[in-house]
Structure formats: C-alpha cells, structure tokens
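> Here you go, one structure.
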Amino acid sequence: MTTTISRLYNNYGDARAAVQQLETAGVAHNDISIIASNADNWYNDGKDTFPDRDLDGKDDRAEAAGKGASIGAAAGGAAGLLTGLGLMAIPGIGPVVAAGWLVTTLAGAAAGGATGGALGALTQTGISKDEADVYAEGLRRGGAVVSARVADKDAARFQGMMDRSAVGVAERAAAYRKSGWKTFDPKATPYNADQVQKERSLYMK
C-alpha cells in the first residue's frame, strides 16, 4: 500500500531541494511530482535558465536526450524528475513549471477541463478541499507543491523529510485570511513578478 504526501513550499528552490532529498533517499522520480509558479519567469523554456541537477553547467535535458531518454512535460528524464520540467498556464494561478505523474491531471486543469481545475488536480493527491484552496493560492502567489507516492511503512520518514522547508499550511491560511482572502478563485488575476517578490519577502526567514 502507498501513501501520497504533498507539501507546499515558498518557492521552486525549496521544492527542488525536497525533490532531490526524496530521490536521494530512494523515492523513484516517477513517484514524485512538482508544480512551481513561473510568475517571475525563472524558467524561460530553457532560454535563460536550464535544469542542472548534477551541477555540471550543462542542460540536463540535452544530456538525457543525448542518451536516448524521452524528455517532455509529462515525464522525468533519466537523470531525475527535474529534467522533465514543462511549462503550462493554469486559470487563476498563471504560468507554472511542472513535472511528474501529476502533470496529466494538471494538464486538464490548464485546459479548464472536467478535472475541476487546479483544485481538482490537487485533491487527487489526497489533499483536503480546504487545504487544496491554500495550496492553489500558494501557487498563485509564487509557491510550489511537491507530491510523493511512498510505501505506507516509510510515510513518517518521508513526511519528516518533506516538512523541513515546507510551509505551515494552517499558519499560511490564517495569514491569507487576515489580508481578506477567503478561498482560491480560479477567475482571479495571477500574480506578476513584482507581487510574487513582495509576497515571498513576507515569509523570508
């Protein structure tokens, strides 16, 4: 039996670190998904930035493709999940970069399909509706979500690992509501780069 664990992060960097820790700990990259806001255009389709998981200064997608691996938005490459990042736009959230098993569901959200949008995609990972509202709003404001499918017997260990730099969802919901937010609105205007930067500055440690 498996359990799906999801956590919200303030930015792609924190989420990327969580993904790398999971992979290092033995979670297969096809059991991990990542969705990260691209409101600040940090990932410009490989033009200005590129995945460099092994820190060798080379684009991991090109390296994996050179080895015959299939690289695309829906699948991670041979070197790990983060080589399979792809861009899409989701109503109410804006541009995101995503990879992993959740991408198919997320693509339905991007198309506004029968999946129920972003909330539908998030609740399919086992997140409650109330928390999914906060996760979706967190994405809108520049955050990132990581979901991992792990064996039940290992769940506590991986939960602790993912918690290290994750957002406290109850506290974040309270902060949002204090500013007048009530629930995620798929018709809301996505945040721009300046708004994202200002939002992240509120939670810098």
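The values are calculated or read from the model by the stated rules, or taken from the named source; none is laboratory data. Quick caveat, the model's predicted, so the values are computed rather than measured. Glycine gets a Cβ as well: all are built from the backbone with ideal geometry, and neighbour counts include every protein chain shown.
> So the check is Cβ under 9 Å with 6+ separation or different chains; which pairs have a first residue in the stretch 161-185 that's surrounded by fewer than 16 Cβ atoms within 10 Å (Cβ to Cβ) and a second one that's among the polar types (S, T, N, Q)?
What qualifies is Arg164/Gln21.
> Being out of contact with any strand residue (DSSP E or B) (no Cβ under 6 Å at 6 or more places or on another chain), over 20 Å from Ile34 (Cβ atoms) and among the acidic types (Asp, Glu) is the requirement here; does Glu171 meet it?
Answer is yes for this residue.
> With respect to Gly108, is the statement that it is modelled with pLDDT under 95, assigned to a loop (DSSP other than H, G, I, E, B) and surrounded by 12 or more Cβ atoms within 10 Å (Cβ to Cβ) true?
For Gly108, the condition - modelled with pLDDT under 95, assigned to a loop (DSSP other than H, G, I, E, B) and surrounded by 12 or more Cβ atoms within 10 Å (Cβ to Cβ) - is not met.
> Suppose the filter is small (Gly, Ala, Ser) and either modelled with pLDDT under 90 or in contact with a Pro (Cβ under 8 Å, 6 or more places away or on another chain) (or both); does Gly143 pass it?
no
> Okay, next question. Scan the stretch 123-140 and report the pairs whose first residue is on the phi > 0 side of the Ramachandran plot and whose second residue is at pLDDT 90 or above, with Cβ atoms within less than 7 Å and a gap of 6+ or a chain change.
Listed by first residue and then by second, the contacts come to Gly126/Thr4; Gly126/Ser6.
> What number of residues within the stretch 118-177 are within 24 Å of Asp194 (Cα to Cα) and assigned to a helix (DSSP H, G or I)?
Here the count works out to 17.
> Quick check on the stretch 147-161. Is at least one of its residues more than 27 Å from Leu22 (Cα to Cα) and among the hydrophobic types (A, V, I, L, M, F, W, C)?
We begin by selecting, within the stretch 147-161, every residue more than 27 Å from Leu22 (Cα to Cα); these are none.
Within the stretch 147-161, not a single residue is more than 27 Å from Leu22 (Cα to Cα) and among the hydrophobic types (A, V, I, L, M, F, W, C).
> On to the next question. Condition first: outside any helix (DSSP H, G or I) and without any contact (Cβ under 8 Å) to a residue 40 or more places away in the chain. Now tell me which residues in the stretch 186-203 satisfy that. If you could, list the steps in order and put the result at the bottom.
Going through the stretch 186-203, the residues outside any helix (DSSP H, G or I) turn out to be 186-192, 202-203.
Within the stretch 186-203, Thr189, Leu202 meet the criteria.
Residue by residue, here is whether (1) touching a Leu at 6+ places or on another chain (Cβ under 9 Å); (2) more than 20 Å from Val134 (Cβ to Cβ); (3) not in a loop (DSSP other than H, G, I, E, B) holds:
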residue	(1), (2), (3)
Ser6	yes, no, yes
Asp14	no, no, yes
Ala17	no, yes, yes
Gln20	yes, yes, yes
Glu23	yes, yes, yes
Val27	no, yes, no
Asn30	yes, yes, yes
Ile35	yes, no, yes
Asn41	no, yes, no
